[in-house]
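Asker: Got a structure for you, questions after.
The values are calculated or read from the model by the stated rules, or taken from the named source; none is laboratory data. As the structure is a computational prediction, the values presented were derived from the model and not from experiment. All Cβ positions, even for glycine, are placed from backbone atoms using ideal geometry, and neighbour counts span all protein chains on display. What goes into the accessible areas is simple: the full protein's heavy atoms, side chains included, and nothing from ligands, DNA or RNA. Shrake-Rupley method; radii C 1.70, N 1.55, O 1.52, S 1.80 Å.
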Amino acid sequence: MDTDGEVVAVVLCGGLGTRLGAMTQTQPKPMMNVAGRPFIERVLDNLVEQEVSKIVLAVSYLREVIQGHFGSSYRGIPIEYSVEDQPLGTGGAIVNAVRQLSLEQSHLLVVNGDSYCEFDLNSMVKQLPDTDIVMVTKYLHDTGRYGSAQIDPEGTITGFVEKKQSRSGYINAGIYLLNASLLAACSLEKFSFEVTFLEEAASRNINIIAHISDSYFIDIGVVDDYMLANEYFKQHDSIAH
């Protein structure tokens, strides 16, 4: 990777997965079987191919399942764990990882363990000197479940449109590149990164640049999309082999 500083990937794995009902009673959502493999392995494959220097799994609910499966490395990339005694929200999980593992001087690539979208980390690294956060966005014909990002002609994200408005546009794909120092001094313990840092970015003098992905995007947080992910990766894996 063409960057002066190594990139540490923080994978958010602490959610309860309540919308999936019984399917997440004995396993955390990222460990759910999708086309024969734990879904999170597909997320980590993407990180390995992007040549991150280390993977941090931010774990809470049923964390022993994830820790027991992966241990201390995946495909040659070292793994460390940031443990939350109770779920801290996406923002709290990132801050907790920075503090527990002394990542204050690192470039952080934050991804969700229950969603998949490919991106170009080299290009994102090149964008970072000009902004505080590089956020991966993905065009969808219906953004109703996710809300959408407003992007100006220069690629700066100027605001967000709330969920449940059915319209086409660019969604936040849940992948961010930032300097850990942006969060190191945060006084909050439990909070949403999306709401507290992204939606309030202007008032916090935080600049966000969009990195547009043309990849397939899926979030397995609801049953219908979990089933769609199974179908997609079955076809994807058969073509790959």
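Asker: At a Förster radius of 35 Å, what calculated FRET efficiency corresponds to the Cβ-Cβ distance of Val223 and Asp120, to the nearest 0.05?
Answerer: 0.65
Asker: Quick one: length gained pulling Thr156 to Ile206 fully straight, 0.36 nm per residue minus the C-alpha distance? If you can, show how the numbers build up before the last one.
Answerer: Working: separation 50, 0.36 × 50 = 18.00 nm, distance 1.10 nm.
Here the segment from Thr156 to Ile206 would lengthen by 16.9 nm.
Asker: Please work out the average accessible area per residue across region 7-238, using the 1.4 Å probe convention, and give it in Å². Intermediate values should be presented prior to the final figure.
Answerer: Working: 10390 Å² over 232 residues.
Dividing the accessible area of region 7-238 by its residue count gives 45 Å².
Asker: If you roll a 1.4 Å probe over region 7-238 with all protein chains in place, what percent of the accessible area is carbon or sulfur? If you can, show how the numbers build up before the last one.
Answerer: On the way: 4840 of 10390 Å².
Roughly 47 percent, rounded to a whole number.
Asker: Also: So which aspartates and glutamates can Lys54 reach, going by Cα to Cα under 14 Å and dropping same-chain residues fewer than 8 places off?
Answerer: Filter leaves Glu6, Asp45, Glu80.
Asker: Which loop-located trypsin sites (Lys or Arg not before Pro) does region 47-134 contain, where loop means any DSSP state but H, G, I, E or B and the Cβ has at most 12 other Cβ atoms within 10 Å? Mind dumping the intermediate values first?
Answerer: Working: sites: Lys54, Arg63, Arg75, Arg99, Lys126; in loops: Arg75.
Of the trypsin sites (Lys or Arg not before Pro), the ones in loops of region 47-134 whose Cβ has at most 12 other Cβ atoms within 10 Å are Arg75.
Asker: Please turn the phi angles of region 100-113 into ³J(HN,Hα) values with the Karplus equation 6.51 cos²θ - 1.76 cosθ + 1.60 (θ = phi - 60°), one per residue in order, whole Hz, x for glycine and proline.
Answerer: 4, 10, 6, 9, 4, 9, 8, 7, 10, 10, 9, 9, 9, x
Asker: At a threshold of 8 angstrom on Cα-Cα distance, excluding pairs fewer than six apart, so keeping six or more, what relative contact order does the chain reach in percent?
Answerer: Details: 478 pairs, mean separation 56.7, N = 241.
So the answer I get is 24 percent.
Asker: Quick one: which residues, 5 or more positions from Ile175 or on another chain, have an amide H under 5 Å from its amide H? H modelled 1.01 Å from N in the peptide plane, none for Pro or chain starts.
Answerer: The answer is Val136.
Asker: Of the DSSP beta bridges with both residues in the chain, give the percent that are antiparallel, rounding to the nearest 5.
Answerer: Of the beta bridges lying entirely in the chain, close to 50 percent run antiparallel.
Asker: Turning to a different aspect of this structure: Got a sec? What order do Val195, Val98 fall in by accessible area at 1.4 Å, biggest, i.e. largest, first? Don't jump to the answer; show the numbers that get you there.
Answerer: Details: Val195 65, Val98 0 Å².
The most accessible residue leads, giving Val195, Val98.
Asker: What are the equivalent ellipsoid semi-axes of region 67-218, built from the alpha-carbon gyration tensor (square roots of five times its eigenvalues), in whole angstrom, biggest first?
Answerer: Values: eigenvalues 126, 66, 53 Å².
Whole-Å semi-axes of the equivalent ellipsoid: 25, 18, 16.
Asker: Another question about this same structure. At a Cα cut-off below 24 Å, give the lysines reachable from Lys163, other chains included and same-chain residues fewer than 8 away excluded.
Answerer: Within reach: Lys29, Lys138, Lys190.
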